[in-house]
Amino acid sequence: MRIAFISDIHGNANALDAVLKDLEFKEVDKVFVLGDLCFRGPEPKRSLELVRSLNTEVIKGNADEWVVRGIHVGEVPDSAIEIMSNEREWTLSQLDQNDINYLSNLPTELMLEFEKVKIHAFHATPKNLFEVVQPSESDEVLQEKMLDSEADIYIYSHIHKPYIRYLDGKCIINTGSVGLPFDGLDKSSYALVEIYEESFQTTIVRVNYDIKAAINKYYESDYPNSEQMIKVLLNAKV
């Protein structure tokens, strides 16, 4: 069985189009979405519609929470809160109340089991939508912050830097980002888990997408921070 975990689309519907085509080509059986669906990109509405058309389980990310209730002091650098709040207001202007209700009611974690393989999926950490756990964290930090269940695989997103790591017989995966990678590679990222009875194989998949088309969407809109976001798309770094 092939299971894909995608996340951090951030309103980049062009990137999501490419990933969904890749999932179809790979004949993936099931897709799960780990949050950050529409904020900070030029096509929040279309991104959200594409996610909802999958008819699958979706969890909430910190950016989805920001769309619903705004950005609080201390959640981003003081120098960024004004422009990011403006971006949030623009995103809200593109959505309707049904969209907001959908984001508000998303769960924050998934407990899954396929062929005796247990998977715990969440956005940042099991207990927090905002906490940052980097690939370079110590074993002790990963044990404390991530491994709080009896799963075989722990899978998260949030940091936009994909990796796979093993600790105490457990597999920890970060999906990376569909729409806004931060690892210097300007390709969409997602995680693929292939399960065969009690064994499994994990892969980070990178997908080319039309970055020029995504950039043009910023230029065509009145997005309030388009120049900075275009730089992130081009460099795949913050």
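The values are calculated or read from the model by the stated rules, or taken from the named source; none is laboratory data. Just so it is clear, the model here is predicted, and its values are computed rather than measured. All Cβ positions, even for glycine, are placed from backbone atoms using ideal geometry, and neighbour counts span all protein chains on display. Accessible surface areas use protein heavy atoms only, side chains included; no ligands, DNA or RNA. Shrake-Rupley method; radii C 1.70, N 1.55, O 1.52, S 1.80 Å.
Each principal axis of the range 1-66 carries a Cα extent, and these read 34, 21, 15 Å when sorted largest first.
A crude spin-label estimate for the pair Asp168 and Arg2, with each label 7 Å from Cα along the Cβ direction, gives 3.4 nm. For the range 1-121, pairs of C-alpha atoms spaced more than 25 angstrom apart make up 27 percent of the total. For the pair the range 95-119 and the range 1-61, the centres of their Cα atoms are 12 angstrom apart.
Give the shape of the range 59-101 as rounded, prolate or oblate, defined through the alpha-carbon gyration tensor: a ≥ b ≥ c are the square roots of its eigenvalues, a/c under 1.5 means rounded, and otherwise the shape is prolate if a/b is larger than b/c and oblate if not.
On the way: a/c = 3.04, a/b = 1.56, b/c = 1.96.
Note, shape of the range 59-101 comes out oblate.
Averaged over residues, the count of other Cβ atoms within 10 Å places the peptides 2-11, 152-161 in the sequence 2-11, 152-161, highest first. Enclosing the Cα atoms of the range 89-238 in their convex hull gives a volume equal to 134 cubic angstrom per residue.
Whenever you get a sec, compute what percent of the accessible area on the chain sits on carbon and sulfur atoms (1.4 Å probe).
Working: 4920 of 10660 Å².
Carbon and sulfur: 46 percent of the exposed surface of the chain.
Take every DSSP beta bridge with both residues inside the chain and express the antiparallel ones as a percent of the total, to the nearest 5. Spell out each step's value before the answer.
Values: 25 of 37 bridges.
The antiparallel proportion sits near 70 percent.
Please compute the per residue accessible area over the range 72-146 with all protein chains in place, 1.4 Å probe, rounded to a whole number of Å². Kindly include the intermediate steps, with their values, before the conclusion.
Numbers: 4210 Å² over 75 residues.
Result: 56 Å² per residue.
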